[in-house]
Structures are given as C-alpha cells and as structure tokens.
Amino acid sequence: MDIVSINISDLKGYIYCAFRGDDEIVNIYDPSVKMTSVEDVCESINEKIESLVDPCSISGIWIDGNKAGYFAYSQNSLISFGLNKEYRNKNNLVDFWDAIKGAIGDNFQCALFSVNKRGIDFLKKCGMSVLFENITVLTYEN
C-alpha cells in the first residue's frame with residue numbers, strides 16, 4: 001500500500017475508486033439526502049469535503065499500482081475515508097488504519113451517520129469508541 005498526499009482537485013477520482021462497485025454505500029450514506037447511485041454518493045462526498053471552511057489534508061491510497069481509496073483529515077478529525085471493496089482484506093485494512101493513525105496521530109475523532117454501520121464497525125474494530133450517537137449537526141451559511 002502506498003500513501004500519497006493529494007490536493008482537493010484530485011480527490012474526486014480517489015473517491016470514485018474507493019466506492020466503485022460498492023452499491024451498499026447508497027444505503028449507508030447520509031440519510032438526509034436522496035441518493036440513487038454510487039456516483040451520487042461520490043459527488044456528494046466530494047462536495048461536502050470541498051465545502052469545508054477549514055482546509056483538510058487528503059491522502060490517496062494506491063494498492064498494486066491502482067488507486068484504491070482515500071482519507072481526509074484535519075488536526076484531530078478523520079473527516080472521510082474509503083477503501084475499495086476489492087482491497088478490503090485483513091492486511092490492507094490494517095495498513096489503511098495504520099496510515100490513518102500515522103497521518104492524524106493517536107488522538108482524534110470521526111463523525112459518521114448512524115446508518116453507516118459498516119464504517120462504525122470498522123473504526124470500533126480499530127480501537128475507536130463511540131462518544132455520541134444519533135446526533136444532528138446543523139450549519140448556517142449566509
């Protein structure tokens with residue numbers, strides 16, 4: 001697994017590679033937005049990351065010479081992550097988690113929608129614990 005630093009303009013390609021063929025993502029994504037396809041989800045993820053007030057760092061994941069995923073983070077937050085289902089085996093998931101910890105450090109949080117049981121279970125297996133459940137996050141844009 002190779003980890004490369006990427007900029008926001010390259011992110012969309014990595015998001016598409018992370019979720020290509022992953023029809024389940026449509027059902028575990030933000031329930032407040034109607035998603036009908038993997039492409040809709042990828043576009044929404046990209047738009048949400050682009051809209052962040054504070055810039056974040058983004059890492060692209062390459063496995064066997066192929067784009068395989070990404071993760072986006074800021075100082076103490078894992079903002080978004082994905083690894084293509086073709087590469088979700090024990091060794092790659094351990095390497096993926098190690099890359100995330102190596103980039104962010106040993107003390108960080110991640111907010112996921114409660115419907116994203118797959119993401120939550122992955123992070124719990126990696127040692128993260130649930131701090132809050134079933135919350136609503138609001139934003140104001142003028």
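The values are calculated or read from the model by the stated rules, or taken from the named source; none is laboratory data. Keep in mind that this is a model prediction, so the values were computed, not measured. For neighbour counting, all protein chains shown are included, and Cβ atoms are generated from backbone atoms with ideal geometry for every residue, glycine included. The area values use the complete protein model at the heavy-atom level, side chains included, leaving out ligands, DNA and RNA. Shrake-Rupley method; radii C 1.70, N 1.55, O 1.52, S 1.80 Å.
When region 8-20 is examined, which residues are found to be of a type in the set (Ser, Thr, Tyr) and open to solvent by 90 Å² or more (accessible area, probe 1.4 Å)?
First pass over region 8-20, keeping only residues of a type in the set (Ser, Thr, Tyr): 9, 14, 16.
Within region 8-20, Ser9 is the sole residue that qualifies.
Within region 90-108, work out how many residues are of a type in the set (S, T, N, Q) and either touching a helix residue (DSSP H, G or I) at 6+ places or on another chain (Cβ under 8 Å) or modelled with pLDDT of 95 or more (or both). Write out each step before concluding.
In the first step, residues of region 90-108 are kept if they are of a type in the set (S, T, N, Q); the result is 91-92, 107.
Next cut, either touching a helix residue (DSSP H, G or I) at 6+ places or on another chain (Cβ under 8 Å) or modelled with pLDDT of 95 or more (or both) only: 91-92.
Residues meeting the conditions: 2.
Find the residue count for region 46-81, including only residues that are at pLDDT 95 or above and among the polar types (S, T, N, Q).
Here the count works out to 5.
Consider Val4 carefully, then state whether it is open to solvent by less than 60 Å² (accessible area, probe 1.4 Å), under 30 Å from Asn134 (Cβ atoms), not small (Gly, Ala, Ser) and not in a loop (DSSP other than H, G, I, E, B). Don't jump to the end; show me each part of the working.
Numbers: open to solvent by less than 60 Å² (accessible area, probe 1.4 Å): yes; under 30 Å from Asn134 (Cβ atoms): no; not small (Gly, Ala, Ser): yes; not in a loop (DSSP other than H, G, I, E, B): yes.
Against the criterion (open to solvent by less than 60 Å² (accessible area, probe 1.4 Å), under 30 Å from Asn134 (Cβ atoms), not small (Gly, Ala, Ser) and not in a loop (DSSP other than H, G, I, E, B)), Val4 does not qualify.
Hey, among Lys67, Lys48, Lys90, which residue is at negative phi, charged (D, E, K, R) and out of contact with any strand residue (DSSP E or B) (no Cβ under 9 Å at 6 or more places or on another chain)?
On the way: Lys67 fails: out of contact with any strand residue (DSSP E or B) (no Cβ under 9 Å at 6 or more places or on another chain); Lys48 fails: out of contact with any strand residue (DSSP E or B) (no Cβ under 9 Å at 6 or more places or on another chain).
Only one candidate passes the filter, namely Lys90.
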